[in-house]
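Here is the structure we will look at, set down as structure tokens.
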Amino acid sequence: MASNFTLYSVSVWILPLLFAITFHEAAHGFVAHRLGDNTAYELGRVSFNPLRHIDPFGTVLLPAMLLLSHSPFLFGYAKPVPVNFRNLRNPRLDMVWVALAGPATNIVLALAAALAFHALPLAPADWAPWIADNLKNALVINVVLAIFNMMPIPPLDGGRVAVGLLPRPLADPLSRLEPFGMLILIGILILLPLAGSQFGLNLDVISAIMRTLTGYVLWLILLLTGNT
């Protein structure tokens with residue numbers, strides 16, 4: 001019974017996560033190709049085939065370990081799509097469109113999942129619960145992925161949007177943070193809350209903001225798709 005439950009849990013979480021992050025990356029490559037950079041296209045990365053984007057650790061092992069360890073959150077990533085921003089026709093502005101393509105695609109996928117709830121009565125009765133859980137998780141995962149990636153910290157998409165839109169005196173220092181972006185995220189999301197807990201302080205501010213934004217976006221999507 002326990003193994004069946006684990007297999008079921010993996011199937012209803014990993015599949016939506018797999019498609020969310022691979023469509024996210026493919027969208028970056030597609031928009032970059034349309035705007036003049038063929039780097040991803042020539043490497044076969046402008047594709048919605050998940051196999052072209054799977055990172056063995058980030059796409060499979062990490063989410064599986066988090067799920068099996070009953071982690072309170074699920075996280076994963078695909079192989080980043082290579083983009084040479086200097087090849088874009090208008091590098092600063094086009095960088096914004098390339099960056100926005102990933103989160104925008106996740107919002108479209110979330111809307112599609114919410115709309116698909118209306119088709120559940122057409123599904124075979126034996127499959128309906130599994131399909132419903134996949135759709136529910138697809139909705140949540142895509143919204144969380146879109147919001148998380150819009151944090152204004154390079155190399156996240158929101159950081160690149162900020163670098164493309166801010167005046168040079170602000171954009172240049174922000175862009176120089178890119179090599180340290182993941183370390184900054186780990187510090188803000190994990191180390192800072194852990195340090196605060198040692199002194200009885202709740203310093204998990206970013207997660208609280210993300211939960212609030214996620215709730216609002218989920219509510220709006222459910223409202224727009226007639227699921228409220």
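Please count how many residues of region 37-61 are loosely packed, with under 15 Cβ neighbours inside 10 Å and in contact (Cβ under 8 Å) with a residue 40 or more places away in the chain. Show your work before the answer.
Narrowing region 37-61 to residues loosely packed, with under 15 Cβ neighbours inside 10 Å: 38, 42-44, 48-49, 51, 56-57, 61.
So of that shortlist, the ones also in contact (Cβ under 8 Å) with a residue 40 or more places away in the chain come out as 38.
Summing the residues that are loosely packed, with under 15 Cβ neighbours inside 10 Å and in contact (Cβ under 8 Å) with a residue 40 or more places away in the chain in region 37-61 gives 1.
State the number of residues belonging to region 92-139 that are among the β-branched types (V, I, T) and more than 26 Å from M150 (Cα to Cα). Spell out how you get there, then give the answer.
Keep residues of region 92-139 that are among the β-branched types (V, I, T), which gives 96, 98, 105, 107-108, 131.
Checking which are more than 26 Å from M150 (Cα to Cα) leaves us with 131.
Of the residues in region 92-139, 1 are among the β-branched types (V, I, T) and more than 26 Å from M150 (Cα to Cα).
Pairs needed: first member in region 190-202, small (G, A, S); second member anywhere, surrounded by fewer than 12 Cβ atoms within 10 Å (Cβ to Cβ) and not in a helix (DSSP H, G or I); C-beta distance under 9 Å; at least 6 residues apart or different chains.
A195/L201; G196/N202
Given the criteria among the aliphatic types (A, V, I, L, M), under 24 Å from F19 (Cα atoms) and either modelled with pLDDT of 90 or more or within 17 Å of the chain's Cα centre (by Cα) (or both), does L122 qualify? Spell out how you get there, then give the answer.
Values: among the aliphatic types (A, V, I, L, M): yes; under 24 Å from F19 (Cα atoms): yes; either modelled with pLDDT of 90 or more or within 17 Å of the chain's Cα centre (by Cα) (or both): yes.
Considered against the rule, which asks whether it is among the aliphatic types (A, V, I, L, M), under 24 Å from F19 (Cα atoms) and either modelled with pLDDT of 90 or more or within 17 Å of the chain's Cα centre (by Cα) (or both), L122 comes out as yes.
What are the residue pairs meeting all of these: first residue in region 128-152, first residue of a type outside the set (D, E, K, R) and at pLDDT below 95, second residue buried (at least 20 other Cβ atoms within 10 Å of the Cβ) and not in a helix (DSSP H, G or I), Cβ atoms under 8 Å, and 6 or more apart or on different chains?
F148/L156; N149/L156; M150/L156
Among the residues of region 117-157 satisfying the criterion of being of a type in the set (D, E, K, R) and farther than 30 Å from M182 by Cβ, which is surrounded by the most Cβ atoms within 10 Å (Cβ to Cβ)? First the steps, then the outcome.
Taking region 117-157 as the starting set, the residues that turn out to be of a type in the set (D, E, K, R) are 126, 133, 136, 157.
Remaining after also requiring farther than 30 Å from M182 by Cβ: 126, 133.
Details: D126: 7, D133: 16.
The extreme case among them is D133.
The values are calculated or read from the model by the stated rules, or taken from the named source; none is laboratory data. Just so it is clear, the model here is predicted, and its values are computed rather than measured. Note that we place each Cβ from the backbone using ideal geometry, even for glycine, and neighbour counts take in every protein chain shown.
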